[in-house]
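Scroll down for the structure; my scribbles are underneath it.
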Amino acid sequence: MNRSANDRLQRVLLYAVLGFLALVFLLPIYVMVVNSIKPLEEIRGGNLISLPLNATIEPWLQAWSKAQIGVQPTGLRPYFMNSFLMVIPAVLFSTLIGSLNGYVLTQFKMRGATLIFGALLFSVFIPFQIVLIPMAKLLGELGLAGTVKGLILVHTVYGIGFGTLFFRNFYTAFPHELVKSARMDGAGFFVLYWRLLLPNSLPIIVVNVIWQFTNIWNDFLFGASFSDFSSYPLTVALNNLVSSSTGVKEYNVHFAGAFIAALPTLVVYVVSGKYFVRGLMAGSVKG
Amino acid sequence: MKNRWLPALTITPSLVLVGACVYGFIAFTIYLSFTTSTLMPQFELAQEIPYYRLFRLSTFALSAKNLCLFSGLYIGLSLLLGMLMAILIDQKIRGETPFRSIFLYPMALSFIVTGTAWKWILDPSIGFERTVHLMGFPDFVFDWIKDGDMAIYCVVIAAVWQTSGFVMALFLAGLRGVDTEVMNAARVDGAKGWDMYWRIVIPQLGPSFISSFVILAHMAIKSYDLVIALTGGGPGRATWLPSVFVYQYTFTRNEMALGAASAVLMLVAVSIVVIPYVRSELRDKTQA
Amino acid sequence: MKRTIIAGLVSVALAAPAFAEESVEVLHWWTSGGEAAALGVLKKDLEGQGVKWNDMPVAGGGGEAAMTALRARVTAGNPPTAVQMLGFDIQDWAKQGALGDLNALAQKENWDKTVPLALQQFSKYQGKWVAAPVNIHSTNWVWANKAVLDKAGVTTMPTDFDGFLAALDKVQKAGFIGLAHGGQAWQEATMFDGVVLATGGVDFYRKAFINKDKAALGSDTMKKSFDRMAALRKYVDKDFSNRDWNLASAMVIEGKAGFQIMGDWAKGEFLNAKKVPGKDFLCFRVPGSQGMVSFNADQFGMFKVGAGAQAAQTKLASAIMNPSFQSAFNVVKGSVPARTDVSDKAFDDCGKKGMKDLAEANSKGTLVGSMAHGHAVPASVKNGFYDVITQHFNGKLDSAAAVKAMVAAAE
């Protein structure tokens, strides 16, 4: 009798703690959304948590297509394309390179494989500020300065570290018998990769895509420095909306803009959450 | 394997790119840290090695101290909270998917958005403190973000919020991969509840710890955007981290040599912490 | 037959139009309402002349992010046509050989005679014009809410600094916040400009902040300036840390605070809130600094571009210096024109006062570059000073230690 009451109490406690944590985690996004539909006077006078008295969708319209980004009042809409043009190829290349590296490091006896992996892994710790000037020189020499292609190159290079980490750990746990029997059947280098390993890598591909997509989509420093007027991504436009030095600060528009800019990554996370955990389970964590 | 060179060939582009764009640039930075570079790189070596100036700057010592404080708390709390949430979610609860999504989504936001949202919440005059006042507790004080000694903890709060969900996902995956046979055997022996977790499950989560650690350390280095959006580096200079220091001196203050020197030291510090940890993990893997 | 006609039409269509399209790429950080709109005036002006405006805005912190992006652009060999720049940055880039030569245009339009000499020091490098100034801001202003002052019993404007402290005291005692302030290093430094001018006068300011004279920096006058900052600190509210400057202005506009010491870009906030100078708000020089003007100016540095783009660049420079643009832009921005021969008709009362003060200071030699805004010492020293001023204001240094730190920062 006591034990079941105890169990019930534990269950209640469990949900209470989870519920409390969920509230804390939702607080910032609640603040952002609630304040993005308030008229400006309510934000100035009121407090952050309160619900709007006169909810309005105007800040969202402003952020999307009317707000001042530079000289033109275009809103954030035109810059989505630049970001997508940059992110999608970079994620594709990063996945390709990461998976090939993982494949090569785990399915072949390679001298110094551990050292190579360590070197690639350590590359994730480089602070981006020291990359700025030398990379600018390199892009200039390659004729890629100010182009989307240049940004794709930069993001691909700095995505190699994590990509290799994810795939290498995943392929380490890949069933050895499958590989052996495929080899005995005469599968060559590319066949083994393309027909056996890659198709069975969906979970870790999802992990890599999520990670790379988020990091590249949210990057500001490279986007501002290696682009020009025709290629600058959404983060630069958002920064222009939010960080203007003078003039009236329309906080409701800022919050709406921040949310709009975050939508693609939020969608990616929420939609693929299940695969994400599955991917992590299948990959980077098993010994 | 007919062509023995294919594996090596395949990995060569990565080695070349990373070799040049990471290690080559690091070497370039190390060289710069001994030069007279100010606005742009200069290749003439300086009379007085910039490192000496670096050690005389109080803001550098402050940044270093903040980094230790911040990283320790950030990594520790993220691991703790992440593991706690993973264990809670693993209890066969209803609504696992929504809970998981709620804990995971902050990772999708950029540091700038996180910093801005938390700056508002932590601001006494419009955020949390004010709300509690309006609820009828006018003496409640929560002005850490305006306090020179406490502001760094606000950065910790925002950073932990952002990444503990990701750590939770890593641990959740690890928990689900724990050998069920071992667990069943332990259960037969009478192990239960927290005891089971403490003695059986958690020790098997080593790989999750490693992956989490790498990711958390990587985020701690990249914290520039978060600090600037949340506190601007203030009050005064109280929340400066090395990433802020490097940016300030390399770009804002036109002292590239000094900035390069601080970046080199930051890398050295990271290496000291990360390399041994990762090496042990790699050694285990190759044995397995 | 049809194919040849089509081929012919296509080749005609593809042939270069009567004149090639000229364009300028402009890197700047004016991304909000008023100034962006004012810059839009320049854009339309150029489009009327057949020059396309390619906008490259990078907002933030008085140009910090923009300057970082600029470094990358120049290193990559792909600089923008014109870049918004302040003070020493122009000189630094000119030293690198990155800026072009505007002398031909400057001579034609007589810039040497119409631009104040103190400003020319930043626009020219080794005798060559390298930048076109857009405006002149000034930092030693005080903005006050008239209603608050009336309620607090402050009937006459303070004329010296001690009188100012007394007025602050009255306002505070009447239940308002004395001084609206945003706790960011640059804002504290902006206040410091005015305080040093009020305490030591123009000659001391020059010695300490422009010549970096150690004796001046370590003097009792400097210590007194810091003491005065500490006195001001007492009239600031407890949540001032990291507050944006426009939120501090809002405190004065809404009648929560009495005074704000801020540059004249604050005027834009008051005007945007439909307040009238003289009736709702007052503008006056930091008491003790009347007759002196500490200035900072936004300029467009013209980068070295290929011969093909130079015509467009010249048109841009000329359009910037055009008196009607100078008037239209500065009315909105809160600053005063960079040319002394522009009529003050379109300006409000505070703007008119600003233009008068500038002309007076220019002729008397009391026009000095703002330390806080990069027109007295270069960025490395300026930021070193920032460290001292903000740490002192936040109570981490006392005045004596601050003075010593100023001397160290000037090295």
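The values are calculated or read from the model by the stated rules, or taken from the named source; none is laboratory data. The model shown is predicted, which means the values in this text are computed figures rather than measured ones. Heads up, the Cβs are rebuilt from the backbone with ideal geometry, glycines too, and the neighbour counts pull from every protein chain shown.
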For this session: Would you check if there is a residue in the range A:197-204 being crowded, with 22+ Cβ neighbours inside 10 Å and either more than 24 Å from the chain's Cα centre (by Cα) or within 14 Å of chain C (Cβ to nearest Cβ) (or both)?
Result: yes
For this session: Considering only the range C:307-411, give the helices (runs of 4 or more DSSP H) lying wholly within it that have at least 2 residues that are of a type in the set (Phe, Trp, Tyr) and surrounded by 22 or more Cβ atoms within 10 Å (Cβ to Cβ).
Result: C:379-393
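Residue-by-condition table, conditions (1) surrounded by 24 or more Cβ atoms within 10 Å (Cβ to Cβ); (2) of a type in the set (Lys, Arg); (3) within 16 Å of the chain's Cα centre (by Cα):
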residue	(1), (2), (3)
C:Leu247	no, no, no
C:Asp264	yes, no, yes
C:Gln290	no, no, no
C:Phe295	yes, no, yes
C:Met302	yes, no, no
C:Val305	no, no, no
Exercise. Here are C:Ala317, C:Ala405: which of them is closer than 30 Å to B:Phe251 by Cα, within 14 Å of chain B (Cβ to nearest Cβ) and of a type in the set (A, V, I, L, M, F, W, C)?
Worked result: C:Ala405
Problem set entry | Which listed residue, of A:Tyr79, A:Tyr30, is out of contact with any strand residue (DSSP E or B) (no Cβ under 8 Å at 6 or more places or on another chain), among the aromatic types (Phe, Trp, Tyr) and closer than 30 Å to B:Pro98 by Cβ | A:Tyr30
Problem set entry | Exclusive hit being more than 11 Å from chain A (Cβ to nearest Cβ) and modelled with pLDDT of 90 or more, set B:Tyr51, B:Tyr23 | B:Tyr51
For this session: Evaluate the following for C:Lys382: is it at pLDDT 90 or above and more than 26 Å from C:Lys223 (Cβ to Cβ)?
Result: no
Problem set entry | Unique match (being modelled with pLDDT under 90 and over 24 Å from the mean Cα position of the chain (by Cα)) among C:Val10, C:Val41 | C:Val10
For this session: Determine, yes or no, whether C:Thr114 is surrounded by fewer than 23 Cβ atoms within 10 Å (Cβ to Cβ), of a type outside the set (A, V, I, L, M) and in contact (Cβ under 8 Å) with a residue 60 or more places away in the chain.
Result: yes
For this session: Look at A:Lys149 and say whether it is free of Cβ contacts under 8 Å to residues at least 12 places away in the same chain and under 28 Å from A:Pro233 (Cβ atoms).
Result: yes
Seminar exercise, completed: In the range A:260-277, anything at the interface with another protein chain (Cβ under 8 Å from one of its Cβ atoms) and modelled with pLDDT of 75 or more is listed as A:Ala261, A:Ala262, A:Thr265, A:Leu266, A:Val268, A:Tyr269, A:Val270, A:Phe276
Exercise. Are there any pairs, at least 6 apart or on different chains, whose C-beta atoms fall under 7 Å, with the first in the range A:92-104 and within 11 Å of another protein chain (Cβ to nearest Cβ) and free of Cβ contacts under 8 Å to residues at least 40 places away in the same chain and the second of a type outside the set (Val, Ile, Thr) and part of a helix (DSSP H, G or I), and if so, which?
Worked result: A:Val104/B:Pro7
Problem set entry | the range C:230-242 residues that are more than 19 Å from C:Leu165 (Cβ to Cβ) and part of a loop (DSSP other than H, G, I, E, B), paired with ones that are at pLDDT below 95 and small (Gly, Ala, Ser) (beta carbon under 7 Å, 6 or more apart) | C:Asp239/B:Ser125; C:Asn242/B:Gly232; C:Asn242/B:Gly234; C:Asn242/C:Gly183
Seminar exercise, completed: Going through (1) closer than 11 Å to C:Phe303 by Cβ; (2) crowded, with 21+ Cβ neighbours inside 10 Å; (3) without any contact (Cβ under 8 Å) to a residue 60 or more places away in the chain one by one, C:Pro80 fails only at (3)
Exercise. Considering the range C:114-147 alone, what residues qualify as being among the polar types (S, T, N, Q) and at negative phi?
Worked result: C:Thr114, C:Gln120, C:Gln121, C:Ser123, C:Asn135, C:Ser138, C:Thr139, C:Asn140, C:Asn145
Problem set entry | Selection count where residues are more than 14 Å from chain C (Cβ to nearest Cβ) and either in contact with a Pro (Cβ under 9 Å, 6 or more places away or on another chain) or in a loop (DSSP other than H, G, I, E, B) (or both), scope the range A:49-78 | 12
Seminar exercise, completed: The condition from (1) touching a Leu at 6+ places or on another chain (Cβ under 8 Å); (2) closer than 30 Å to A:Asn240 by Cβ; (3) within 11 Å of chain A (Cβ to nearest Cβ) that B:Ile145 misses is numbered (3)
Problem set entry | Selection within the range C:25-62 - more than 7 Å from chain A (Cβ to nearest Cβ), touching a residue at least 12 places away in the same chain (Cβ under 8 Å) and surrounded by fewer than 24 Cβ atoms within 10 Å (Cβ to Cβ) | C:Ala37, C:Ala38, C:Val41, C:Leu42, C:Asp45, C:Leu46, C:Gln49, C:Gly50, C:Val51, C:Lys52
Problem set entry | Candidate set from the range B:183-204 (those that are outside any helix (DSSP H, G or I) and modelled with pLDDT under 75); member that is surrounded by the fewest Cβ atoms within 10 Å (Cβ to Cβ) | B:Gly190
Problem set entry | Pick from the range B:28-53, criterion more than 24 Å from the chain's Cα centre (by Cα) and part of a helix (DSSP H, G or I), ranking: nearest to C:Val388 (Cα to Cα) | B:Arg53
Exercise. Which of the residues that make up the range B:117-135 are part of a helix (DSSP H, G or I) and either out of contact with any Pro (no Cβ under 9 Å at 6 or more places or on another chain) or over 25 Å from C:Ala65 (Cβ atoms) (or both)?
Worked result: B:Lys119, B:Leu122, B:Phe128, B:Glu129, B:Arg130, B:Thr131, B:Val132, B:His133, B:Leu134
Exercise. Any idea which of C:Gly97, C:Gly60 is assigned by TED's automatic domain parsing to the domain that holds C:Phe300 and touching a helix residue (DSSP H, G or I) at 6+ places or on another chain (Cβ under 9 Å)?
Worked result: C:Gly60
For this session: Within the range A:162-181, count every residue that is surrounded by fewer than 24 Cβ atoms within 10 Å (Cβ to Cβ), touching a residue at least 40 places away in the same chain (Cβ under 8 Å) and not hydroxyl-bearing (Ser, Thr, Tyr).
Result: 4
